[in-house]
Amino acid sequence: MARGSAVAWAALGPLLWGCALGLQGGMLYPQESPSRECKELDGLWSFRADFSDNRRRGFEEQWYRRPLWESGPTVDMPVPSSFNDISQDWRLRHFVGWVWYEREVILPERWTQDLRTRVVLRIGSAHSYAIVWVNGVDTLEHEGGYLPFEADISNLVQVGPLPSRLRITIAINNTLTPTTLPPGTIQYLTDTSKYPKGYFVQNTYFDFFNYAGLQRSVLLYTTPTTYIDDITVTTSVEQDSGLVNYQISVKGSNLFKLEVRLLDAENKVVANGTGTQGQLKVPGVSLWWPYLMHERPAYLYSLEIRGKGFDWPLLVKDFNLLRWLGANAFRTSHYPYAEEVMQMCDRYGIVVIDECPGVGLALPQFFNNVSLHHHMQVMEEVVRRDKNHPAVVMWSVANEPASHLESAGYYLKMVIAHTKSLDPSRPVTFVSNSNYAADKGAPYVDVICLNSYYSWYHDYGHLELIQLQLATQFENWYKKYQKPIIQSEYGAETIAGFHQDPPLMFTEEYQKSLLEQYHLGLDQKRRKYVVGELIWNFADFMTEQWKDRPLKAPTRVLGNKKGIFTRQRQPKSAAFLLRERYWKIANETRYPHSVAKSQCLENSLFT
Ligand code: BDP
C-alpha cells in the first residue's frame, strides 16, 4: 500500500458530503484515548439454549432477572464465537430459537462514581435478533446479525455507592423469517407418520451455515458526557495536496471547543482545524492506493472471502494469503465483515465491495414493504459504520436476488436509491445471476456484477464451452447497459487431493482448467469494459448439508469446496495458478509508485 508522511486517505474518489442518515447517533469504533477507556468483555460467558417447545421459557420465567445459573444449568460459551460451532451436542448445532448469554463484570470505581463519565455497552454483532438487559433492566434491542449496536448505560451503573458489579444478559434469536436479512422460512412438517408433533425445519436460501450468537467482540467503553458521537470524512485531491473535509457531531452539550488534528501514520500532526466542520489541507500528500493496482485500467482481481466472526490469527493469515496471491480486492459476501477486517483492508490496500446481508432474496414473498424498510435501515447501518474507510469502493445491496420479478425491480430500485442518498459519492450495485434480458434491477446499478458458473452448474464437465458462453454473457450485458462489468463469482467445487487428468469435476485439475478458461475469456474484455474478476471462493467454507437451488439436494460434502485454499488455509493447485496471474497483471499494469513485490518469496518470478 502506498503510504507516506501525510496520510490523507484519498480513496478512489469517495466524497461522502451530504450524507443524511436517518439513524440516531454515530457508531464510531471504540478507541482508547486520554478521555476514553475500553473494557473488553471477550472470554467465557455463561450460556443456555432455550429448548422448550415454544422457545419462550426464558421470557416466561424471566431468566434475565437473576443470575442465569439460578434458573437452570449453563455451559461455558466463548465470545466471540458461534454457539452452533462449539458444542458436541448436535441439538445445539441445529438449534433454532432463543439462546441466552450472561456475563458479570466488575467496573472500575471511577466509571460508577464520576458523573462526568458516560459508560457505553457495545456489541460488535449478535446474529440475528438481540435483547439486552443490564442488571435485569431491559436496555437495548437490535435486529440484524452483522452490525454493531450500543447503549448508554450510565444511568444503570451510576446509581448508588457501590454497584460496581454489573450483570449483562443477552438473549439472541437466530430464527430467519421472510422479513429478516437474510430471509428464511420455518416449515412445520405435519405428517405424523414421519415427524413428531411440532416438528419444524428452518429453510434458508443462501449457501452458508447459519452460524449465530455473539460472533464479534462485546465491550464497555467510556466517554466524557460531552463527546464526539460521529465523524464523517471525505477526501479529494488538488494538485499535490490532499483535502480532507470533516464533519463532526458532538453530543451532550453545546458548550465545547473543538480542535482538530490530523495525524499521519507515524503520529505526526500534518494539519490542524477548529470547529465541527471544515477542510484540512495536506501538502505533498501520499495517497492511499490499492495494493499493486495500476491507475489505467484499475482492475480488481481477487477472491471472495468470508468474515462472519472475528479471530485475529485467522484474519492476519488471510491477509498474508491475499498479499501472497497479489490480490487487491474482495467483496464482503454476503454480509458486512467485522470492523477489524475493514481496518486491515485500509492498512493493506485491499479494495472492498461492501455488501449487506441481502442474500437469499429468492422468493416473491420476500419482496414486501416490511423487508424493504428493514433493508434500507440495514444499509443505513452499513454506511454509517463503514463510510470513512478508504478501502470501500462500492456498496452492494444484495447477492443474487430474484431480480427477474417485477416486485424485486421496484424493491432494488428503492434500496439502491436510498443507499445513494446516504452516500452520493460511491457507486452502488447488487450482484446478479439473472438473465440480462429479464433482470429488473440492473437499470439502477452503477456497475453490473455477474455471477456465472459455466461448466459447473450448467453443461457439467464441458470446459470447452466456457469461453463462448462467457463472451456471450459479457456482450449481451454490455450491449444492453453500456456499464462497467465485474465477474463477481466463478469457480468450481474442488476436493483437495483429488486428481484426474484429463480433468474431471471435483478434482484440482478441473478447478485449474475451469479458471484458465474463464481467464482467457476475461482477458478478451478486461481492457474494455470488464473491470474486475473475483473468484468464488477464497477458502472452503461451511454450509448446510444441502444446497437450496435449483432443487434442495445434498450436493454439499462438508460444505462448499470452491475454495482456492482449504478451510485450514492450505493451497490447492489453483492457488498457484491465481498467484501467477495476479502478479503478472500487477507487473503488466503496475502503478508507478507501488512495489509489485511478493512479501513472502524473495525470488518470486514476478518481482
Ligand atoms: C452463488 C452464491 C454463493 C454460493 C455459490 C455456490 O452467490 O453464495 O456459495 O453460488 O454455489 O450462486 O458455490
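Just so you know, all these numbers are worked out from the coordinates, no wet-lab data involved. Predicted model only: the values in this text are computed from it and were never measured. Please note: Cβ atoms are built from the backbone with ideal geometry, for glycine as well, and neighbour counts cover all protein chains shown.
Results, tabulated for the structure shown:
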read-out	value
Computed helical MRE - 222 nm, the chain, DSSP H runs ≥ 4 contributing -39500 (n - 2.57), nearest 500	-6500 deg cm²/dmol
Relative contact order (%) - criterion: Cα under 8 Å, at least six apart; region: the stretch 420-564	20 percent
Considering only the chain, percent of DSSP beta bridges that pair antiparallel, nearest 5	75 percent
3J(HN,Hα) from dihedral phi, the stretch 559-570, Karplus parametrisation 6.51/-1.76/1.60, rounded to Hz, x for glycine, proline	x, 7, 10, 7, x, 7, 10, 6, 5, 8, 6, 9
Under 5 Å, built H, 5+ apart or other chain: amide partners of LEU181	none
Per-residue HN-Hα couplings for the stretch 73-83 [Karplus 6.51, -1.76, 1.60; θ = phi - 60°; Hz; x = Gly/Pro]	x, 10, 10, 6, 9, x, 10, x, 5, 9, 4
Average Cα contact separation per residue, the stretch 481-575, under 8 Å, 6 or more apart, as relative contact order %	30 percent
Reduced Cα scattering model of the stretch 100-251, Debye log10 I(q)/I(0), q = 0.09, 0.17 Å⁻¹	-0.47, -1.02
Gained length - LEU468 relative to LYS317, 0.36 nm times residue gap less alpha-carbon distance	50.7 nm
Percent RCO, i.e. relative contact order, over the chain, from Cα pairs under 8 Å lying at least 6 residues apart	15 percent
Placed amide H near ASN210: partners under 5 Å, 5+ positions off or other chain	none
Residues ARG165, ARG579, sorted so that the one with the fewest Cβ neighbours within 10 Å comes first	ARG165, ARG579
Difference of contour (0.36 nm per residue) and Cα-Cα distance, LYS281 to ARG569	99.4 nm
Residue pairs, from the table LYS547/LYS584; LYS268/LYS317; LYS413/LYS528; LYS525/LYS561; LYS317/LYS420; LYS317/LYS413, whose Cα atoms sit over 32 Å apart	LYS547/LYS584; LYS317/LYS420; LYS317/LYS413
FRET E, pair PHE498, HIS373, Förster distance 56 Å, beta-carbon r, rounded to 0.05	0.75
Phi to ³J(HN,Hα) by Karplus 6.51 cos²θ - 1.76 cosθ + 1.60 over the stretch 239-244, Hz, x for Gly, Pro	6, 9, 9, x, 10, 10
Cβ-based exposure ranking for TRP312, TRP100, in which fewest neighbours within 10 Å come first	TRP312, TRP100
For q = 0.06, 0.07, 0.09, 0.10 Å⁻¹, Debye-computed log10 I/I(0) when each Cα of the chain counts as one equal scatterer	-0.33, -0.45, -0.76, -0.94
Label-point separation, THR274 to ASN245 (7 Å along Cα→Cβ), nm	2.3 nm
Packing-based exposure ordering (other Cβ within 10 Å, fewest first) of TRP63, TRP90	TRP90, TRP63
Burial order of peptide ranges 200-212, 452-464, 380-392 (average beta-carbon count within 10 Å, highest first)	380-392, 200-212, 452-464
Amide hydrogen neighbours beyond the local backbone of ASP230, cut-off 5 Å, H modeled	SER249
Extreme residue, positive dipole direction of the stretch 450-572, given options LEU522, PRO554, PRO502 (C-beta unit charges)	LEU522
